[in-house]
Amino acid sequence: MLSAASRRRWSFPACRTALLTALAFAVLASFAAPASAASPSWRASRDSGAPWGRLGPATSGFGLAYLRGVAIDPDTTAPIPVRVLLDGRLATTVTADVPRPAVGTRHPHYGPDHGYRASVAVPDSTHRLCVVAVNVGGGHDTSLGCLTLTGLNDPVGALTATSHSTTGITVSGWALDPDVTDPIQVSFTVDGTTTGPPVTADATANLPAQWSAYGTAHGFTATLPATTSAHTLCATGTNLGSGIDASLGCANVPAWVPSPPSAPQLGTASATAHRITVTWLASADDGGAPVTGYQVTGNGATQQLPATATTATLTGLAPATTYQVSVAAVNSVGAGTAATVKVTTKQAPIPPQTTPAPVSTSHYLRNLTGASAHDVPLMRAMGAKDAGYNPSGHRYLVLQDIGAQSGNGVLLSATIKWISYAALVRALNAYVDGYASTQKSNAPMLLAIGTNNDGAVSSAEGTTWADKVVDPVAAHAAQYPNIVVAGADDMEPGFSATVGATRAWLSGFLGATKQQFVFNGSADGCPTGTGTRCNNGWTTGDLHWLSAAAGLGRIIALPQIYNTAMPHQWHTISADGAHPVYFGGPLTEWTACDQTKSCYSMTNVTAWSALFSALGKDPRTKMAAMPYGTDLRVN
C-alpha cells in the first residue's frame, strides 16, 4: 500500500484524473508487445491447470505506470483476475477481459477476450512492478513477469538543432513533464555555466510518437550568449509535480566559422536597346561576417560595387539580345551564391526618315494562276527574296498591287486572268511566310494588299476586300510580330468608278476592319497650285478625303510620284484640307516601266526628295519625316 503522503502526492481532482487517464491510455495504445516478448509462463504446460500469459512492455506518464499483457487459465474460457504488485505489495487487481484478436486467432478455443490493462501510481526513484495471473480451478497462481522502473515522472525531451554565429548559440528542441500537459521551463548551461534565462517550452514541435497524447505545444528555441570558439551546451527540463529536474541532453557545438553570404533578393530588371538595369535587396544571411560589396556580372564583365549598392547598369549592349545578369554579395570569406536573371534588350528605335528611304520592291501581281501548286512556292520565294532587301533599322512597305475586284475574286492587273479570293489569300499567306523566313532583326515590314477602282466598286465590295482578303492575311501574319498587314487601293480619277462609288468603297472597308489603309492612287488633272478641280468631276477635296480625312490616323498616303508635277499636286491637296495628309512616301514604277518599255517614272529616290521638298516649303504640309519609299515591278 502507498503511504498517506504518497497518496496525497498522486491525488488529482476527478475531472483532471479522467483527462490524464485518457491521455495515458492513448500513450499506452501505441505500445503493442511482440510475441517474442512472452514470459516463461507463456510456454508453460497447460496440462498443469495453472494460468499462463505474458507481461508486455510498460510506459508511463502523469505519475503512473501503464501495463498490458495477456492471461489465460486453461480450466476456463472466462477472463481471469490479474494482480499487479509494486515493490512486493498489491497495487491493483484487474480482469483480463480486453479483446486481443491475435490471441483469439492463435488460441481459438479460448477466444480473444483475455488481454489486460493496468495503471499503477509509481513514486519517484526505482521500483519493481510484477504481474501475477490468479488461478481458477486446479493449479496455482502464475507470475507473468516483472519490470524495474526508474524516474518515470521526471521531465523528458531532446535537443534537435544548434547553430553558431558571432552573436552566440541558437538551440531548439522539445521538453515535457509526464505528470502534466502544461508547458515546462528549460534552462541551459554552456561549458557547465548557466547561461541566459530559462525559456518556456510552449512552441509547436514534432514529438516522438509515444508522447503524442501530450499535444504538440512543447517546443522551445533559445539564443544563448557565447564566444565563437567550440562549446558544450546542455539543457535541463524543470520538473512539475512529482519527480526531479532532468537533463534533456547535451550537444557539442563546434567553433563558429563564417561563410559566404546568401544570394541577394533580386528586384526589378529593366532594359533599353543598349543597357540593362537591375536592382536588389541585401542578402538575408551575411554568412556571419559583414557584407563588404557586391559583384555584378553580365556581358562578359564584372562590376565591383560597394556594400551600400542596390542597383547596377550594364551598358554597350546589343539590341534585341538576351543577357544573363548575376548579382553576388561579398564578405571577408568571399563571394556568395549569385542571384541571376535573364533580360532581353529592346529593339533599337528606328530614327525618323529625313533622307530618301531604302527603296522596297512592290509588285504588279500578274503571274498568279489560282493553283496552289504554282502560286504558293512562287509567292514564298518572292517573300524570302524581298526580305533580303530590307535593311535593319528602317521601316519598309511592300505593296501587292493585285487588280480590280470582280465577282468573288480579282482580275489581275492589266490582264484578263481571274483568281478567287481564297486562292489569293493562300498566295499572300505564302508570301508572308517566305518574308518572315529571311527577315532581319529590327526590320519591320508593312504589307499593303491593294485593289483599284476600275472594277466592281461599292461599299459592299470594300467590306468584301476587308473580310475575305485583308483580315484573313492579317490573322495569318499575326504570328510574325514584325509584319503588319494593311488594305490598299489604287484610286484614280481616270478609272471607271465614280468618286461617289470610290468614297463608298472606302467607307465599307474602314467600317469592316481595324487594319490600316494605304492610298496608292493618283491626282489626275488636279492643280499644281491654286484650284480644286481634277479630272472626271473629282476635286482636291475628294482626294483629300480618300487619302486622309476618311480615317485620320488610319490612312497612309502613298501617292504615285512619276514626274515632277505630281509632288506639287499632292502639296495642293494636303494644303486645301482641314488636316494635312500623312504621307508615308512616294510610289514609283521605274522598274515596271523599264520592264515594259511603255511608260515613264522617275526613280524612287528622286521622287522621295521631290515630294519631301514640295511638302516642306509650306508649314501647313511640312512632314517631319517620311518612312517609306517603294517601286513597282511586274511579276
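The values are calculated or read from the model by the stated rules, or taken from the named source; none is laboratory data. Computed from a predicted structure; not experimentally measured. Note that we place each Cβ from the backbone using ideal geometry, even for glycine, and neighbour counts take in every protein chain shown. These accessible areas exclude ligands, DNA and RNA; they are computed on the full protein's heavy atoms, side chains included. Shrake-Rupley method; radii C 1.70, N 1.55, O 1.52, S 1.80 Å.
With respect to residue 107, determine if the residue is within 30 Å of residue 181 (Cα to Cα) and of a type outside the set (A, V, I, L, M, F, W, C). Judged against the criteria, residue 107 is not a match.
If we keep just the residues of the stretch 370-416 that are of a type in the set (Asp, Glu) and without any contact (Cβ under 8 Å) to a residue 60 or more places away in the chain, which is nearest to residue 466 (Cα to Cα)?
Kept after step one, since they are of a type in the set (Asp, Glu), are these residues of the stretch 370-416: 375, 386, 401.
Right, trim to without any contact (Cβ under 8 Å) to a residue 60 or more places away in the chain and you get 375, 386.
Working: 375: 22, 386: 24 Å.
Among them, the one singled out is 375.
In the stretch 515-535, the residues that are within 24 Å of residue 552 (Cβ to Cβ) reach residues that are at pLDDT below 95 and open to solvent by 40 Å² or more (accessible area, probe 1.4 Å) with C-beta atoms within less than 7 angstrom, at least six apart or across chains, in these pairs: 532/576.
Among the residues of the stretch 616-635, count how many are open to solvent by less than 10 Å² (accessible area, probe 1.4 Å) and in contact with a Pro (Cβ under 7 Å, 6 or more places away or on another chain).
If we filter the stretch 616-635 for residues that are open to solvent by less than 10 Å² (accessible area, probe 1.4 Å), which is where we start, we get 621, 626, 629-630, 632.
Still in the list and also in contact with a Pro (Cβ under 7 Å, 6 or more places away or on another chain): 621, 629.
Of the residues in the stretch 616-635, 2 are open to solvent by less than 10 Å² (accessible area, probe 1.4 Å) and in contact with a Pro (Cβ under 7 Å, 6 or more places away or on another chain).
Residues are listed down the side, and each one gets a yes or a no for (1) farther than 22 Å from residue 58 by Cβ; (2) within 60 Å of the chain's Cα centre (by Cα); (3) of a type in the set (Asp, Glu); (4) surrounded by fewer than 20 Cβ atoms within 10 Å (Cβ to Cβ):
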| residue | (1), (2), (3), (4) |
| --- | --- |
| 81 | no, no, no, yes |
| 87 | no, no, yes, yes |
| 99 | no, yes, no, yes |
| 108 | yes, no, no, yes |
| 114 | no, no, no, no |
| 132 | no, no, no, no |
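Taking first residues from the stretch 596-623 that are among the acidic types (Asp, Glu) and partners that are modelled with pLDDT of 95 or more, the Cβ contacts under 9 Å between residues at least 6 apart in sequence or on separate chains come to 618/571; 618/574; 618/575.
Go through the stretch 168-226 residue by residue and tally those that are of a type outside the set (Ser, Thr, Tyr), assigned to a loop (DSSP other than H, G, I, E, B) and over 38 Å from the mean Cα position of the chain (by Cα). Full working, then the answer.
Start the filter on the stretch 168-226 by keeping residues that are of a type outside the set (Ser, Thr, Tyr), which leaves 168-169, 171, 173-180, 182-186, 188, 190-192, 196-199, 201-203, 205-211, 213, 215, 217-220, 222, 224-226.
Then drop every residue that is not assigned to a loop (DSSP other than H, G, I, E, B), which leaves 177-180, 182-184, 191-192, 196-198, 201-202, 205-208, 215, 225-226.
Still in the list and also over 38 Å from the mean Cα position of the chain (by Cα): 177-180, 182-184, 191-192, 196-198, 201, 225-226.
Qualifying residue count, the stretch 168-226: 15.
Residues that are outside any strand (DSSP E or B), open to solvent by less than 70 Å² (accessible area, probe 1.4 Å) and at pLDDT 95 or above within the stretch 337-368 comprise 338, 353, 356, 357, 358, 359, 365, 366, 367, 368, listed in sequence order. Got at least one residue in the stretch 530-538 being outside any strand (DSSP E or B), within 53 Å of the chain's Cα centre (by Cα) and under 15 Å from residue 506 (Cβ atoms)? The answer is no, given that none of the residues of the stretch 530-538 is outside any strand (DSSP E or B), within 53 Å of the chain's Cα centre (by Cα) and under 15 Å from residue 506 (Cβ atoms).
Within the stretch 116-130, restricting attention to residues that are open to solvent by less than 30 Å² (accessible area, probe 1.4 Å) and β-branched (Val, Ile, Thr), the residue that is modelled with the highest pLDDT is 120. Scanning the stretch 103-138 for residues that are over 20 Å from residue 76 (Cβ atoms) and not in a loop (DSSP other than H, G, I, E, B) returns 117, 118, 119, 120, 121, 126, 127, 128, 129, 130. Among the residues making up the stretch 119-178, those that are touching a helix residue (DSSP H, G or I) at 6+ places or on another chain (Cβ under 6 Å) and not hydroxyl-bearing (Ser, Thr, Tyr) are 123, 139, 144, 176.
Here's the yes/no breakdown for (1) in contact with a helix residue (DSSP H, G or I) (Cβ under 8 Å, 6 or more places away or on another chain); (2) at pLDDT 90 or above:
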residue: 242; (1), (2): yes, no
residue: 252; (1), (2): no, yes
residue: 256; (1), (2): no, no
residue: 281; (1), (2): no, yes
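Checking 93, 160 one by one, the residue that is open to solvent by 70 Å² or more (accessible area, probe 1.4 Å), in a strand (DSSP E or B) and closer than 30 Å to residue 228 by Cβ is 160 and no other.
Here are some residues: 511, 494. Which one is part of a helix (DSSP H, G or I) and either at pLDDT 95 or above or among the aliphatic types (A, V, I, L, M) (or both)? I'd like the intermediate steps shown before the answer.
Working: 494 fails: part of a helix (DSSP H, G or I).
Of 511, 494, the one residue that is part of a helix (DSSP H, G or I) and either at pLDDT 95 or above or among the aliphatic types (A, V, I, L, M) (or both) is 511.
For the stretch 514-529, filtered to residues that are in contact with a helix residue (DSSP H, G or I) (Cβ under 6 Å, 6 or more places away or on another chain) and part of a loop (DSSP other than H, G, I, E, B), the residue that is most open to solvent (accessible area, probe 1.4 Å) is 528.
Of the helices (runs of 4 or more DSSP H) lying entirely inside the stretch 541-635, those containing at least 2 residues that are within 23 Å of residue 517 (Cα to Cα) are 566-576, 604-616.
Is it the case that residue 554 is of a type in the set (D, E, K, R) and closer than 17 Å to residue 523 by Cα? Lay out the reasoning, then the answer.
Values: of a type in the set (D, E, K, R): yes; closer than 17 Å to residue 523 by Cα: no.
Against the criterion (of a type in the set (D, E, K, R) and closer than 17 Å to residue 523 by Cα), residue 554 does not qualify.
Hey, can you tell me all the residues within the stretch 227-241 that are among the polar types (S, T, N, Q), surrounded by fewer than 14 Cβ atoms within 10 Å (Cβ to Cβ) and not in a strand (DSSP E or B)? The answer is 229, and nothing else. Contact map, the stretch 465-492: residues that are within 20 Å of residue 522 (Cα to Cα) paired with residues that are of a type outside the set (Phe, Trp, Tyr) and surrounded by fewer than 18 Cβ atoms within 10 Å (Cβ to Cβ), Cβ distance under 7 Å, separation 6+ or inter-chain. Pairs shown: 492/524. Of the strands (runs of 3 or more DSSP E) lying entirely inside the stretch 369-464, those containing at least 3 residues that are modelled with pLDDT of 95 or more and within 14 Å of residue 483 (Cβ to Cβ) are 396-406, 445-452. Is it the case that some residue within the stretch 171-188 is of a type in the set (S, T, N, Q) and crowded, with 21+ Cβ neighbours inside 10 Å? Checked the stretch 171-188: no residue is of a type in the set (S, T, N, Q) and crowded, with 21+ Cβ neighbours inside 10 Å. Restricting 574, 598, 613 to residues that are crowded, with 24+ Cβ neighbours inside 10 Å and either farther than 23 Å from residue 447 by Cα or charged (D, E, K, R) (or both) narrows the list to 574.
Out of the stretch 465-491, which residues are part of a loop (DSSP other than H, G, I, E, B) and closer than 21 Å to residue 444 by Cα?
Within the stretch 465-491, 478, 479, 480, 481, 482 qualify.
Only one entry in 459, 441 is under 19 Å from residue 394 (Cβ atoms) and hydroxyl-bearing (Ser, Thr, Tyr), namely 441.
For (1) open to solvent by less than 10 Å² (accessible area, probe 1.4 Å); (2) of a type in the set (S, T, N, Q), each residue gets a yes or a no:
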{"residue": "426", "(1), (2)": "no, no"}
{"residue": "434", "(1), (2)": "yes, no"}
{"residue": "437", "(1), (2)": "no, yes"}
{"residue": "440", "(1), (2)": "no, no"}
{"residue": "453", "(1), (2)": "yes, yes"}
